[in-house]
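The values are calculated or read from the model by the stated rules, or taken from the named source; none is laboratory data. No experiment lies behind these values; they were computed from the predicted model shown. Neighbour counts run over all protein chains shown; Cβ positions are idealised from the backbone, glycine included.
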Amino acid sequence: MRAHYFQHVPFEGLGSIESWLEAAGYEIACTRFYDSAVLPDSEKVDLLIVMGGPMSVNDEVEFPWLATEKKFIRDMIESGKPVLGICLGAQLIASAMGARIYKNRVKEIGWFPIQGVEVHDASVFKFSKSEDVFHWHGETFDLPPGATRIARSEACENQAFQIGSSVIGLQFHLETMQTSARNMVLHCGDELIPAKYVQSGAEILSAKPEKYHSINLMMGNVLSFLHQSNG
């Protein structure tokens, strides 16, 4: 099995996803758009993971590879193969499938709860009623046509969605590890302007190891769900 991930900046890598993929027996390859926009042969990709990044999906003039990336994502989705998008990655999935991406009414940065949306469908991934997770986003999206909302938060209505049985978009970061969080604060700390849903760098980095362990377990559950959808 082959997993391919799209990385948009050097400091937002796979995090805890890497060890899960290795344990599940995946070969891992990557397109690093900040170095090269060479895409893989989609027929040789069994699982696509689209990571985060500080740019907007609407910045195609500045980052022309975004248009090519969206087309690849749409082709993968239409092929029925599993696709996971995280933060920018979720927005790219939404955009690729025809939804609008725009500024959220507030930024949401730090550790804040999400609420799972009750869906009576066994083929839909379930989040619990409330989970503290790591956020770093200022934009949001409308749900793509045919998508099911599976999580929301006080600050952002569309926190997670699912398309069919094999596509999940997460606005939040379940892959984050302590090193990942430090890198985010280091490289994007200028966004930490005090607000109701924006924590300080010190608050973010004071999270106990148990918090990272909890979200990484959730990420493993999401990955297992998508892996099973791959037959």
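What is the residue count in the range 104-153 for residues that are of a type in the set (Ser, Thr, Tyr) and either surrounded by 15 or more Cβ atoms within 10 Å (Cβ to Cβ) or in a strand (DSSP E or B) (or both)?
Adding up the residues that qualify gives 3.
Working only within the range 200-231, note down all residues that are part of a helix (DSSP H, G or I), modelled with pLDDT under 95 and surrounded by fewer than 18 Cβ atoms within 10 Å (Cβ to Cβ).
Correct list: 228 only.
Of all residues in the range 172-199, count the ones that are charged (D, E, K, R) and crowded, with 17+ Cβ neighbours inside 10 Å.
The total comes to 1.
From the list 57, 38, 9, pick out the single residue that is part of a loop (DSSP other than H, G, I, E, B) and crowded, with 20+ Cβ neighbours inside 10 Å.
None of the others qualify; the one that does is 57.
I want to confirm something. Restricting to the range 61-94 and keeping residues that are out of contact with any helix residue (DSSP H, G or I) (no Cβ under 6 Å at 6 or more places or on another chain) and small (Gly, Ala, Ser), which single residue is nearest to residue 123 (Cα to Cα)?
Residue satisfying both the conditions and the ranking: 80.
Quick one: in the range 41-54, which of the residues that are β-branched (Val, Ile, Thr) and outside any loop (DSSP other than H, G, I, E, B) is surrounded by the most Cβ atoms within 10 Å (Cβ to Cβ)?
That would be 50.
Within the range 161-170, does at least one residue satisfy the condition of being within 30 Å of residue 44 (Cβ to Cβ), in a loop (DSSP other than H, G, I, E, B) and either of a type in the set (Asp, Glu) or free of Cβ contacts under 8 Å to residues at least 60 places away in the same chain (or both)?
Within the range 161-170 (the criterion being within 30 Å of residue 44 (Cβ to Cβ), in a loop (DSSP other than H, G, I, E, B) and either of a type in the set (Asp, Glu) or free of Cβ contacts under 8 Å to residues at least 60 places away in the same chain (or both)), the answer is no, since none of the residues qualifies.
I'd like to verify a number: residues in the range 12-35 that are closer than 23 Å to residue 217 by Cα and either exposed (fewer than 14 other Cβ atoms within 10 Å of the Cβ) or modelled with pLDDT under 95 (or both), how many?
6
Return the pair list, or none, for Cβ contacts closer than 7 Å from residues in the range 203-231 that are closer than 17 Å to residue 123 by Cβ to residues that are assigned to a helix (DSSP H, G or I) and among the β-branched types (Val, Ile, Thr), at least 6 apart or on different chains.
Close Cβ pairs satisfying both conditions: 223/17.
Could you tell me whether the range 79-93 includes any residue that is over 17 Å from the mean Cα position of the chain (by Cα) and without any contact (Cβ under 8 Å) to a residue 60 or more places away in the chain?
Looking for residues that are over 17 Å from the mean Cα position of the chain (by Cα) and without any contact (Cβ under 8 Å) to a residue 60 or more places away in the chain, one finds at least one in the range 79-93, hence yes.
Name the single residue, out of those in the range 184-199 being out of contact with any helix residue (DSSP H, G or I) (no Cβ under 7 Å at 6 or more places or on another chain) and part of a helix (DSSP H, G or I), that is nearest to residue 156 (Cα to Cα).
Filtering first and then ranking leaves 191.
Before we move on, is residue 164 closer than 28 Å to residue 206 by Cβ and either of a type in the set (Asp, Glu) or surrounded by fewer than 24 Cβ atoms within 10 Å (Cβ to Cβ) (or both)?
no
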